[in-house]
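The values are calculated or read from the model by the stated rules, or taken from the named source; none is laboratory data. If you're wondering where the values come from, they're calculated on a predicted model, not measured in any experiment. Glycine also receives a Cβ, built like all others from the backbone with ideal geometry; neighbour counts cover every protein chain displayed. Quick note on the areas: whole protein, heavy atoms, side chains included, nothing else; ligands and nucleic acids left out. Shrake-Rupley method; radii C 1.70, N 1.55, O 1.52, S 1.80 Å.
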Amino acid sequence: MKDDNATKYAAESADGDDFAVVVDSDIAGNEAGTNLDKKDMWRMGKKQQLRRNFRFFSIFGFTMVLMATWEATLTANVLGLINGGTGGLIWMYIVTFFGMFIAILSMAEMASMAPTTGGQYHWVSEFAPASAQKFLSYLVGWLCVLGWQVGNVAISFLVAGQLQGLIILNHASYIPERWHLTPIIIAIITFCMAFNTFLYRQLPLVENLALVLHVLGFFVVLIPLWAMGSPTASASDVFFTFTDGGGWGNTGLSCLVGMLGPLFGFIGPDSATHMSEELRNASKSLPRAMIATMVANGALGFVMLVSYCMLLGNVDEILASETGQPFIQVFYNITKSKAGTSVMTVIMIVIVGCGVINNIATSSRQLWAFARDKGVPFSGWFSTINHKVDLPINALVFSYVFAVLLSLINIGSLVAFNIVTSLGIGALISSYTLSIGCMTVKRLRGQTLLPSNFKLGKAGLAINIFSVLFLFFTFIMIFFPPVPQPDLETMNWSVLVYGGVVVFSLVYYVIRGRHTYLGPVAYVRKSA
């Protein structure tokens, strides 16, 4: 039943015919989107409650900065240097880029078919076999909530570590303590939350500026490395020196264990999907932004990674740096300047900090969308939109409080904190796998696909199958410990926590979820 805000629009169909639809919307004018946006929302049975402030370039900047691939190659390479060495790190980067690029092609097609903030759980609801739609969609929704909510504190932890590394570099008298990171993390999250709440209307402009900084910062960091550094090994040694520092007894397996670092740099292109109801001309702009992000960030990351490995020097000495950040030590070894190193590092901190802003926006929208479909407890509260600012303030507040509480774990145990924050990748990878898997089954059964502006065509089935196989393999590798026969301190307990969240979601489903959650497919207009 439509409310008083319902507005009648003429939306243009894909074949050029005009038809009248009634769009339930709190937003009017250009901020409600194009006719194509209105048609998509009408087909999916969704009410337009958020302003479509984003355009292609700003959403492209949003995903580029959230992924921050070249920055991630510098900050998240420790595991790869230990397990695989420079050769393993580079080749695993190439393999990971190719596999994730194929997976993003699959998701870009689904995003064009159903450009909704719900993302993966909505796609599963529409594309899974009818008998499994409700349950699988519910499970994927919880996995997405877990992945994006945990991501807020995980990225903030990286920024806090970089800030602490700079303090150590510039102040020899400073004695770092583990708990020092917690107030820094909380300060970062608080600033990013304030920005998402009070300066949200400026977010598209900030994304444009952050994208420029992301690209210019790449050259500001790279040029001093090239100009002042000298290769410490030949290209053949860098590309083909593999190590088994973890002691696996098999170099190939060691390299695979180290792929978590490269994978971290390629998580996030789907963030644009969770902002799609704030994106103008979403079914066209969304897949273009997702694919362009992978290509551009992949290229920047590869150049930075190879340059870093060529100039690295003694790996053991770098890993033992007092800063706790090997890349800071490399910067300092090359520039011989604390000021120069600080400037280069601050650039990275600012860019990754913008990524925290974007991650909070993404996590709150995904939670809001899932609550809109009654997938979480207190759905009515989480799905509320504050119409003074047209934002899901309650979902934003929860994302902030949850991140702050997670950051407190670091005070008691760094191991426990790392376990919790590493969950994000596993949760998102599994959501990718299940959603693409449903599309694969649909294609195998020869069922009609929804019309879309981006199509994989005849290659679609092969691309989907490869994506599922690659993602499933990476999902397994994510939960490997860094060394064989680990003790309590070195064991990767992420799989235990991951399983705990899945069990909780299933218990809630049995008790209440199956009675309240219908899944997005229940609201879709079948005749659209």
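A few comments on the model shown:
- Just one of the listed residues (Ile385, Ile409, Ile393) is over 18 Å from Leu143 (Cα atoms) and either of a type in the set (S, T, N, Q) or touching an Asp or Glu at 6+ places or on another chain (Cβ under 9 Å) (or both), namely Ile385.
- Residues (more than 15 Å from Gly426 (Cα to Cα) and of a type outside the set (S, T, N, Q)) located in the stretch 459-468: Ala459, Gly460, Leu461, Ala462, Ile463, Ile465, Phe466
- Among residues of the stretch 86-114 that are in contact (Cβ under 8 Å) with a residue 60 or more places away in the chain, those with a beta-carbon under 9 Å from a residue that is among the basic types (Lys, Arg) and surrounded by fewer than 22 Cβ atoms within 10 Å (Cβ to Cβ) at least six positions away or on a different chain give the pairs Ala108/Arg288; Glu109/Lys455; Ser112/Lys284; Ser112/Lys455; Ala114/Arg43.
- Count of residues meeting criterion [in a loop (DSSP other than H, G, I, E, B), open to solvent by less than 40 Å² (accessible area, probe 1.4 Å) and in contact with a Pro (Cβ under 9 Å, 6 or more places away or on another chain)] in the stretch 307-322: 2
- Any hit, the stretch 266-285, residues being closer than 30 Å to Val330 by Cβ, crowded, with 24+ Cβ neighbours inside 10 Å, among the hydrophobic types (A, V, I, L, M, F, W, C) and modelled with pLDDT under 95: yes
- Given (1) in contact with a Ser or Thr (Cβ under 8 Å, 6 or more places away or on another chain); (2) crowded, with 18+ Cβ neighbours inside 10 Å, number of the condition Val221 does not satisfy: (1)
Conditions (1) open to solvent by 30 Å² or more (accessible area, probe 1.4 Å); (2) part of a loop (DSSP other than H, G, I, E, B); (3) touching a residue at least 12 places away in the same chain (Cβ under 8 Å), marked per residue:
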| site | (1), (2), (3) |
| --- | --- |
| Arg443 | yes, no, yes |
| Gly446 | yes, yes, no |
| Asn453 | yes, yes, yes |
| Leu461 | yes, no, yes |
| Phe466 | yes, no, yes |
| Leu469 | yes, no, no |
| Thr474 | no, no, yes |
| Met477 | no, no, yes |
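- Of the criteria (1) over 25 Å from the mean Cα position of the chain (by Cα); (2) modelled with pLDDT of 85 or more; (3) of a type outside the set (A, V, I, L, M); (4) closer than 28 Å to Gln133 by Cβ, which one Ser527 fails: (2)
- Meets criteria (part of a helix (DSSP H, G or I), open to solvent by 10 Å² or more (accessible area, probe 1.4 Å) and either within 14 Å of Tyr121 (Cβ to Cβ) or touching a Phe, Trp or Tyr at 6+ places or on another chain (Cβ under 8 Å) (or both)) for Thr433: yes
- Residue check, Leu158 out of contact with any strand residue (DSSP E or B) (no Cβ under 7 Å at 6 or more places or on another chain), of a type in the set (A, V, I, L, M, F, W, C), open to solvent by less than 30 Å² (accessible area, probe 1.4 Å) and part of a helix (DSSP H, G or I): no
- Some residue of the stretch 103-117 being open to solvent by 10 Å² or more (accessible area, probe 1.4 Å) and out of contact with any Pro (no Cβ under 7 Å at 6 or more places or on another chain): yes
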